[in-house]
Amino acid sequence: MTHVSTCLWFARDAEEAVRTYIALVPGSALGPILRAPGPWPGGAPGDAILVSFTLGGQSFQALNGGMPAEYGTAASIAVACPDQAEVDRLWDALLAGGGTAIQCGWLRDRWGVPWQIFPEILPRLLADPDPAVAARVFSAMQGMVRIDAAALERAAAG
């Protein structure tokens, strides 16, 4: 059976990033770690080259490529959170150590990996059958950096 996973590129700290991610996201686990059998352009013998892991049940790999990668905005790790407390927990943890908040629930962690952290209520409200509700929620979301579920609900109510 064919196995598909997303591969994230790191300069040298893929294992640290993976251990951080799996500690934060429920339903995550560390998989096999391919370690260098000898010296290599990215590091020393025993260093992690490729770290396999699941994040919220999704398959990923983290590669130590020896130099930093530039992540664009075309892809991100999206996490739908059950409530505001989980949004806040993940948001704060992913920004810790040098992450950057962007807008509309987007951020970059300290390794530059883009994430979308949002409450599960957001897509439900944006898909409301009443176009006026969806428009108010969309307008409210556009003014947010960290998504605020209570503010979205107030916008939906009018």
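Overview of results
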item: Failed item in (1) among the hydrophobic types (A, V, I, L, M, F, W, C); (2) touching a residue at least 24 places away in the same chain (Cβ under 8 Å); (3) out of contact with any strand residue (DSSP E or B) (no Cβ under 7 Å at 6 or more places or on another chain); (4) open to solvent by 40 Å² or more (accessible area, probe 1.4 Å), with A74 passing the rest; result: (2)
item: Looking only at the stretch 61-76, and only at residues there that are among the hydrophobic types (A, V, I, L, M, F, W, C) and out of contact with any helix residue (DSSP H, G or I) (no Cβ under 8 Å at 6 or more places or on another chain), the one that is nearest to G27 (Cα to Cα); result: A75
item: Residue that is under 14 Å from the mean Cα position of the chain (by Cα) and surrounded by 18 or more Cβ atoms within 10 Å (Cβ to Cβ), where the choices are V51, V137, V113; result: V113
item: Within the stretch 17-40, considering residues that are of a type in the set (A, V, I, L, M) and surrounded by 15 or more Cβ atoms within 10 Å (Cβ to Cβ), the one farthest from the chain's Cα centre (by Cα); result: A36
item: C81, sole failed condition from (1) surrounded by 14 or more Cβ atoms within 10 Å (Cβ to Cβ); (2) more than 22 Å from V25 (Cβ to Cβ); result: (2)
item: Contacts under 9 angstrom Cβ, first residue in the stretch 97-110 being without any contact (Cβ under 8 Å) to a residue 12 or more places away in the chain, partner open to solvent by 70 Å² or more (accessible area, probe 1.4 Å), 6 or more apart; result: G99/R110; T100/R110
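The values are calculated or read from the model by the stated rules, or taken from the named source; none is laboratory data. These numbers come from a predicted model, not from an experiment. Please note: Cβ atoms are built from the backbone with ideal geometry, for glycine as well, and neighbour counts cover all protein chains shown. These area figures cover heavy atoms from the full protein model, side chains too; ligands, DNA and RNA do not enter into them. Shrake-Rupley method; radii C 1.70, N 1.55, O 1.52, S 1.80 Å.
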